[in-house]
Every structure is written in structure tokens, then in C-alpha cells.
């Protein structure tokens with residue numbers, strides 16, 4: 001089915017008893033579109049943070065670092081070679097490589113600028129150690145053996161990983177709270193819009209009652225109307241959010257400097273989603289449409305119960 | 001078919017509109033409901049339409065004690081009653097065809113089921129050329145006929161009409177009354193609230209006359 005024909009009126013289909021196109025309806029569709037956009041953005045953001053946090057955590061857990069501080073009278077390069085050798089000789093270590101001066105400069109460039117010259121600075125150097133099933137005892141042994149090098153220490157990234165997990169959990173919980181607030185705000189807006197529509201459609205409700213329509217029939221008519229509005233608004237907002245993520249991805253790829261883009265990538269990944277994640281984000285569209293319809297139905301049923309005999 | 005025993009009606013703490021009225025209306029009868037403005041004609045029609053509850057007294061319709069029925073049952077019974085309002089109460093965004101078909105949609109019929117009946121009825125009331133027109137392009141008389149067609153499309157047992165000739169010229173008023181008479185001959189019980197003495201004299205059906213909250217049938 002052509003999606004553009006989806007909302008077009010079928011000539012053989014009876015007109016909606018509750019009119020769909022009114023100023024209130026258009027405003028509500030816009031509101032639902034904005035709320036869906038924000039929901040998708042929040043949800044997408046949560047997915048990105050979760051993805052990045054998992055990736056960080058995995059990366060960090062596969063690596064440890066030996067830090068060699070500069071100490072007067074000690075030869076830095078010799079100490080780095082020795083640290084590499086000790087690490088490579090330890091059980092459960094796949095590889096150990098000291099970062100070159102250029103690699104160290106690249107790490108610090110985003111914070112200290114392009115004119116950085118490490119030879120002028122007395123800073124510690126790093127040996128990146130890749131793990132391959134090293135146990136706690138292996139790492140303890142490595143730590144002990146590194147004591148022969150003055151100024152060397154082993155960083156297993158545990159503190160960093162704990163902080164990272166805490167930060168990710170805080171992000172996800174805050175985002176989830178914001179997401180719930182957006183959904184609740186959308187539902188409240190639907191309640192007010194339904195009440196407004198009921199008030200402006202009072203004559204329709206009266207006529208329907210005069211000809212014997214049950215409350216269920218009337219509620220169905222309103223529910224269908226709000227389902228259509230929810231789908232329209234949801235589609236606009238959902239597609240808008242996906243376009244926004246695509247635009248953000250392209251922006252970070254083509255317009256940000258490579259360093260900024262890299263740092264953003266480290267923080268949030270590459271603004272790219274798997275097919276599963278795209279489906280998860282777009283599933284908000286029918287969910288919001290369904291919630292809109294159900295909310296309007298309950299509001300209508302409550303309104304109709306208040307009408308006298 | 002309709003039995004009122006000492007029925008009274010007042011809105012909230014307001015004055016009594018109908019006071020201890022009692023009457024019986026047989027199936028297939030035709031009555032004019034008359035009385036001065038404010039006598040309670042519309043209120044009595046609303047009681048008969050089951051959209052108002054009597055303040056006191058017993059009302060029986062369709063062999064059921066109306067006073068004790070729940071809302072759902074009342075709505076079901078209302079499907080056996082057709083109503084024509086003085087101000088038509090057509091839905092402005094629906095065409096003539098769709099306005100008339102509304103009671104059938106409420107009954108759960110789809111367009112294939114009701115299309116022929118609605119078209120035939122619109123031909124019968126002389127609106128075949130206005131079948132797709134919206135109410136805002138129809139004249140008062142045409143709107144009145146749409147309202148009548150809507151009221152009778154589901155073949156109700158009772159047809160109520162509130163000043164159905166109030167907005168139309170004398171010639172059309174008479175034609176509408178012939179239409180009601182025709183429906184009555186088909187077995188529909190009809191009660192028409194009207195001020196128009198000429199029509200009452202000409203058609204000579206019994207009158208239910210409301211005055212000072214009471215009712216006289218003559």
C-alpha cells in the first residue's frame with residue numbers, strides 16, 4: 001500500500017462521525033508530533049549512551065595500562081621497554097605496547113591543542129596491555145614484578161569502569177524519567193484535547209444519543225479519531241527524529257573537525273543505529289498512537305458517564 | 001404502547017413543568033401535541049424520547065417500566081423511537097445520505113447493507129438530487145425532510161416530531177404532514193408537537209393539549 005494514500009479518504013468509506021480535520025485536531029497532531037519527536041530523541045539518546053557505555057566498558061575490561069612516571073636519573077625509554085617485556089611475559093596477556101611520543105601527543109591534543117610538544121613536558125608515559133584471559137592473580141603478579149621499575153604503576157581501570165557505569169546508569173535513569181514525563185505530558189494533552197473536542201462536539205454526542213447510540217459506540221468514534229491523529233502525529237515526529245539522527249551523524253562526519261568528531265564518537269558512538277534499534281525507536285509511533293486512542297477512550301467514557309439519563 | 005401515570009417533571013429546583021399527567025397512547029395512533037409556548041411540549045417529547053427522567057410518577061413504554069431501567073437499556077429502547085427536532089440537529093460535516101444513514105451505522109450496519117434503503121427513502125422524500133449535499137447548502141424544508149428521513153430510516157415504532165413545520169412554508173408543511181400520515185398508515189405511532197391550528201384542523205387527528213402543567217386528550 002502506498003503510504004501517501006494511507007490517510008486519503010476512501011470514497012466508499014463513510015465519513016467519520018466525529019470530524020478529524022479541525023483546528024483542535026491539527027494542533028493536537030502537531031503536539032503529538034513534537035512529543036513523539038522528543039520521545040524518540042530521548043529514547044535514541046538512551047540507546048546511544050547504553051551502546052557507548054557497553055562499548056567503553058568492554059574496551060576497558062580488555063585493556064589495562066602501565067603508567068611510567070618520569071623520575072630523575074631514570075631512562076624513560078629503557079623503563080618502557082622493560083615494562084613491555086615484563087607484561088608480555090605474564091600469563092593471560094596478549095600484547096603490551098608502549099605508546100610512542102606521537103600517540104601520546106594525539107591523546108592529549110584535544111585538551112592541550114595542536115601545538116603540543118611532549119618533549120617540553122615532563123609527563124608520564126603509558127604501556128597499553130591487552131588482556132587475553134588474565135586472572136586476578138596474574139595481574140597481582142604483574143603488579144609485583146613492575147615494582148622493579150621506578151615510577152611504574154599498574155592501572156586496571158576498575159575505578160574508571162565503576163565511575164563510567166555509574167554515569168551511564170545515571171544518564172539512563174534520568175533519560176527514562178524524562179521519557180516517562182514526555183509520555184505523561186502527551187497523555188495529559190490528549191485528555192485536555194479530548195475534553196475540548198467533546199465540548200465542541202457536544203451536539204454530535206447528543207444526536208448520537210438521541211438515535212440510540214451506546215456509550216461504547218460514541219467512545220469508539222472518538223477513539224478512532226484520536227487513533228488517526230496519534231498515528232499522523234507519531235509518524236511525523238518519529239520520521240523527524242530519525243532524520244534528525246541522520247543529520248547529526250552526517251554533521252559529525254563532515255562538518256566537525258576530526259578530533260571533535262572522534263571525541264563525540266568516543267562519547268556517543270557514531271550516531272548510527274542497528275536495524276533493531278531503529279525498529280525499537282520507530283515502535284514508539286504505534287505505541288504513542290495506541291496510548292492516544294486509549295486515553296481519549298477513557299476520557300470520553302468518563303465524560304459520557306457524567307451526562308444525565 | 002405508551003402509558004403515563006401521574007408523571008411530573010421539574011428541572012432541578014425550578015418550577016414544575018409537567019404535573020401529574022396521565023395518558024395512554026395505543027400502537028399505530030397519531031396525535032398532535034398542542035399547547036401554548038412554555039406549556040412543556042418539548043419536555044414531554046424529551047420524556048417520550050427517554051432523554052429525561054420523570055421527577056415522579058410511572059412511565060411505561062414498550063411494556064417496560066421506564067423509571068427503573070439502566071442507561072444501556074434506555075439507549076436500546078431509544079433505537080425504536082425516531083425524533084425530528086425543530087432545529088433539525090443534522091451533523092454539518094455529513095452529507096444528506098450520511099445523515100440519514102446515521103441510525104443504521106449506530107445499529108452496526110455497513111454501507112453495502114443500508115445504501116439501497118437510504119437511497120430509496122431519500123427518493124421518497126424528494127431529496128434524490130441532494131443526496132451528496134451537505135446541510136449548509138440545503139433549504140429549511142430540505143433539511144426538515146432529511147431530519148424526517150433520518151428519524152424513520154430505522155423503521156421506529158414511535159415517531160416524535162417537535163414543531164416539524166415551524167421552519168417551512170404552508171405548502172411544504174402540508175406535504176410533510178401527508179408524509180407523516182403515510183408513515184402512520186404503515187404502522188408507526190406518531191406524536192407531533194405543533195402550534196399550527198390550520199394543520200390540526202385539516203388533518204383532524206386527536207390532540208394532546210398541555211396547559212398549566214396538565215394534559216387533556218381530545
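Values computed for the structure shown
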read-out	value
Selection status of residue A:181, closer than 24 Å to residue A:295 by Cβ and within 14 Å of chain B (Cβ to nearest Cβ)	no
Number of the exception - residue A:146 against (1) outside any helix (DSSP H, G or I); (2) touching a residue at least 60 places away in the same chain (Cβ under 8 Å); (3) closer than 14 Å to residue A:69 by Cβ	(1)
Residues (in contact (Cβ under 8 Å) with a residue 60 or more places away in the chain and either closer than 11 Å to residue A:128 by Cα or not assigned by TED's automatic domain parsing to the domain that holds residue A:131 (or both)) located in the stretch A:72-98	A:83
For residue B:168: the one exception among (1) under 30 Å from residue B:19 (Cβ atoms); (2) in contact with a helix residue (DSSP H, G or I) (Cβ under 6 Å, 6 or more places away or on another chain)	(1)
Residue in the stretch B:92-109 that is touching a strand residue (DSSP E or B) at 6+ places or on another chain (Cβ under 6 Å), more than 10 Å from every other protein chain (Cβ to nearest Cβ) and either at pLDDT below 90 or over 21 Å from residue B:139 (Cβ atoms) (or both) present	no
Residue within the stretch A:187-197 that is modelled with pLDDT under 85 and either within 14 Å of chain B (Cβ to nearest Cβ) or not in a helix (DSSP H, G or I) (or both) present	yes
Scope the stretch A:221-251; condition within 14 Å of chain B (Cβ to nearest Cβ) and crowded, with 18+ Cβ neighbours inside 10 Å; matching residues	A:221, A:225
Test: residue in the stretch B:144-167 that is touching a residue at least 12 places away in the same chain (Cβ under 8 Å), part of a helix (DSSP H, G or I), more than 14 Å from the chain's Cα centre (by Cα) and surrounded by 21 or more Cβ atoms within 10 Å (Cβ to Cβ)	no
Residue satisfying condition, being modelled with pLDDT of 85 or more and assigned by TED's automatic domain parsing to the domain that holds residue A:181, within set A:266, A:218	A:218
Pair list, Cβ under 6 Å, 6 or more apart: the stretch B:184-206 residue on the phi > 0 side of the Ramachandran plot, other residue part of a loop (DSSP other than H, G, I, E, B) and surrounded by 12 or more Cβ atoms within 10 Å (Cβ to Cβ)	B:187/B:28
The one condition in (1) touching a helix residue (DSSP H, G or I) at 6+ places or on another chain (Cβ under 7 Å); (2) buried (at least 21 other Cβ atoms within 10 Å of the Cβ); (3) under 19 Å from residue A:17 (Cβ atoms) that residue B:84 fails to fulfil	(3)
Residue check for residue B:62: more than 8 Å from every other protein chain (Cβ to nearest Cβ), at pLDDT 90 or above and surrounded by 19 or more Cβ atoms within 10 Å (Cβ to Cβ)	no
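The values are calculated or read from the model by the stated rules, or taken from the named source; none is laboratory data. Treat the numbers as computed from the prediction; the structure is a model and nothing was measured. Positions of Cβ are backbone-derived with ideal geometry, glycine not excepted, and every protein chain shown enters the neighbour counts.
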